[in-house]
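The structure under discussion appears below in the form of C-alpha cells.
The values are calculated or read from the model by the stated rules, or taken from the named source; none is laboratory data. Remember, predicted model here, so these are calculated numbers, not experimental data. Here the Cβ positions follow ideal geometry from the backbone for every residue, glycine too, while neighbour counts run over all protein chains shown. In case anyone asks, the SASA skips ligands and DNA or RNA and just uses the protein heavy atoms, side chains included. Shrake-Rupley method; radii C 1.70, N 1.55, O 1.52, S 1.80 Å.
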Amino acid sequence: MLSALLTACLGQPPAPNPEPGGPPSPAVCRPLIAASLGTAPQHWPQVRADWSAARVTGQVLILTDSMAGPLQTQALSALGGVQAQAISPGVRLARTPAGESDQAFAGRLEAAGLRTQPNYVYRALAVPNDLAFPGNAGLEIKAGAGTVKVFQTYLTRIRVPEAWDELKAAGKTPLGATTAVLDSAADRSHPELQGRVSEAASCLVPNPDGEEITAGEHGTEVTGLIGANTNNGQGIAGVAWSGPLLSIAVLDSSGSGSTADLAAGLNYAVQRGAKVINISVGTPNLQGDAVLDAALTNATKSAVVVVAAGNSPNEGVYYPASHPDVIAVGAVGSRDGELACYSARPDAGHPRKLDIVAPGGAGYKHNTCPGAKPNEDIPVLASGGKYSLSVGTSFAAPMVSGVVALMRGANPGLSAAQTRALLLGSVNRTAGLPLLDAAAAVRAALR
C-alpha cells in the first residue's frame, strides 16, 4: 500500500506550561491531524495544477481519495525511494528526486495513476510595516522622523463600543468564542497578549535545517487586533476582551507558508474546536488549490473562516479569500465608502466579490496611498512590548474575526452558516460598501 512507502510525520502532544501561569508551550499540530481527522475526501475538488504559480520547490503533493481502489504496481514503483510524509488524510508531501524537476516528477506520478499538485506558497498580506481607545490620552507611536499620537478610530467606525454595550445590556460580557489565528506565531510575551493565547502550535512542515519557529510581527499584529488585553490601562483594546485564542503558525520567519502548512493549520484549528478562523495570508492569480479547497470546505462546516482579500487593486480577490465558503474582507482607508488604494477588489477577469469591508489603514506607510496621514493607519502590537502602525487587508480581517467571535460567544447555539448570514445581513451600506457593523451583528446574534 502507498502508506507503507511513505513516512508518517512524527511529533508530540502539547507540552505542559513550563511554570504556573506561564505561556503554554508550542505544540506540533501535525500528529493530531494524521491521527484524528478520519479519512480523505471521497473526491478531491477538480482544480487545475498551476506549476507557474509561487510554490515550494523540491516538493510535490500527492492526493488520494477514499474511493480509490488498490494502487497498481506501476504506481507503487513510481514511488520507489521517494521521501514523503503524511500531511493530512489523503495528502502526502513528496520530495522531488535529485536531478528531476517538480513538474516532471509530478508528471511521472500522474502517469502512474496518482494525482498531484504543487505545494503552493502563501504570504502575509500586510503592506510593509513600520495604539488608544478614542477619547483617552492617545498612544505615541514613531512615524517617520518623529512620533504621532494615534487612536483606535476604527473601533468607533465599525461600532465596537456599541457592540460591547449590547452585550452588557443582555447581561453578558465581551467573551469571544475560540478563535484561531493562522499566521506567523504570535509573541505571547507581549504585555497585551500575556494570558490571552490559550494554545500555540506550529503547523509548519519541519524543514531540513530544523529551524526553530519564533514569534513573527505579522501574527502578533493580527492576534492583537482580535484579542489584546482590554481595559488594562495601556496600549490598545482588542475587539474581543476575553475568550480562547489559538496561535497556529503556518508562516515561517520570512512570512511564507505552503499549501501543506495552511491545510494542516485549518485541520488543527477544527480539531481544537475553533469557532472562528482568521487567515490574513494569500496569493494572487491562483484559481484554486485542491488540498486547501478541501480543508477550507471542511473547516467552514463548524467555523466561520475570515480571510483577507489581498493588497493589490488590479489582481482580483486573492486566494484563499476567493474560495466561495469563506468571508472575503476588503479594506477601506480614511473614508467608509471608498476602498483603500491597496485593497483587492473584483474585476472583469476576477469576478469574486468582497463580502465585507473594514478599516485597514489609510496607507501612510511607505507612501502606499497618496495623501494618507500617519494617524490614519492601524495601531498594532510590535515586538519588545511596543506598538507600531501598519496597513493592509491583513488588519481589516481580524476586526471581522473579533466581531464574529463576540457573536458566537454571545450565542453558542449559532451554527457557522447562521453566524455568517447574520454578520453579512447586518452590514452598514449607507456609504455604499458593505462596512462591518459590530453592534448590528451582535444584536442579531442575541435575538
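Checking the condition open to solvent by less than 30 Å² (accessible area, probe 1.4 Å) and under 26 Å from GLY288 (Cα atoms), which residue from VAL306, VAL380 passes? Lay out the reasoning, then the answer.
On the way: VAL380 fails: under 26 Å from GLY288 (Cα atoms).
Going through VAL306, VAL380 in turn, the sole match is VAL306.
Suppose we filter ILE236, ILE226 for residues that are modelled with pLDDT of 95 or more and of a type outside the set (Gly, Ala, Ser); which single one remains?
Working: ILE236 fails: modelled with pLDDT of 95 or more.
Within the list ILE236, ILE226, the selection yields ILE226.
Within region 351-370, track down each residue that is open to solvent by less than 10 Å² (accessible area, probe 1.4 Å) and of a type in the set (Lys, Arg).
If the condition is that a residue be open to solvent by less than 10 Å² (accessible area, probe 1.4 Å) and of a type in the set (Lys, Arg), then LYS365 is the only one that fits.
In region 258-289, what residues are closer than 17 Å to ALA49 by Cβ and of a type in the set (Ser, Thr, Tyr)?
Answer for region 258-289, where residues must be closer than 17 Å to ALA49 by Cβ and of a type in the set (Ser, Thr, Tyr): SER258, THR259, THR283.
Going by what's in this entry, would ASN411 be described as under 30 Å from GLY171 (Cα atoms), open to solvent by 20 Å² or more (accessible area, probe 1.4 Å) and either more than 20 Å from the chain's Cα centre (by Cα) or of a type outside the set (A, V, I, L, M, F, W, C) (or both)?
On the way: under 30 Å from GLY171 (Cα atoms): yes; open to solvent by 20 Å² or more (accessible area, probe 1.4 Å): yes; either more than 20 Å from the chain's Cα centre (by Cα) or of a type outside the set (A, V, I, L, M, F, W, C) (or both): yes.
Taking the combined requirement at face value, the residue satisfies it.
Which numbered condition in (1) open to solvent by 10 Å² or more (accessible area, probe 1.4 Å); (2) within 20 Å of SER394 (Cα to Cα) is the only one that ASP293 fails?
(2)
Considering each residue of region 341-367, count those that are farther than 16 Å from MET399 by Cα and either assigned to a loop (DSSP other than H, G, I, E, B) or more than 22 Å from the chain's Cα centre (by Cα) (or both), and give that number.
Going through region 341-367, the residues farther than 16 Å from MET399 by Cα turn out to be 341-342, 344-353, 363-367.
Checking the rest, the ones that are also either assigned to a loop (DSSP other than H, G, I, E, B) or more than 22 Å from the chain's Cα centre (by Cα) (or both) come to 341-342, 344-349, 351-353, 363-367.
Residues that pass the stated criteria total 16.
Hey, TYR387 hits all of (1) over 15 Å from the mean Cα position of the chain (by Cα); (2) part of a loop (DSSP other than H, G, I, E, B) but one; which does it fall short on?
Going through the list (1) over 15 Å from the mean Cα position of the chain (by Cα); (2) part of a loop (DSSP other than H, G, I, E, B), TYR387 breaks only (2).
If I filter region 158-176 down to residues being of a type in the set (Lys, Arg) and more than 24 Å from the chain's Cα centre (by Cα), which single residue comes out as nearest to GLY135 (Cα to Cα)?
To start, the set of residues in region 158-176 that are of a type in the set (Lys, Arg) comprises 159, 168, 172.
With more than 24 Å from the chain's Cα centre (by Cα) added as a condition, the list becomes 168, 172.
On the way: LYS168: 20, LYS172: 24 Å.
By that ranking, first place goes to LYS168.
Just give me the residues in region 271-288 being touching a helix residue (DSSP H, G or I) at 6+ places or on another chain (Cβ under 7 Å), crowded, with 21+ Cβ neighbours inside 10 Å and not in a loop (DSSP other than H, G, I, E, B), in sequence order. Walk me through it before giving the result.
The initial filter retains those residues of region 271-288 that are touching a helix residue (DSSP H, G or I) at 6+ places or on another chain (Cβ under 7 Å), namely 271, 275-278, 280.
Those still in the list that are crowded, with 21+ Cβ neighbours inside 10 Å too: 275-278, 280.
Across region 271-288, the qualifying residues are VAL276, ILE277, ASN278.
Among the strands (runs of 3 or more DSSP E) confined wholly to region 137-249, which include 1 or more residues that are surrounded by fewer than 24 Cβ atoms within 10 Å (Cβ to Cβ)? So that I can check it myself, show each step before the final result.
Working: elements: 139-143, 146-150, 179-183, 197-202, 245-249.
Filter on region 137-249 gives 139-143, 146-150, 197-202.
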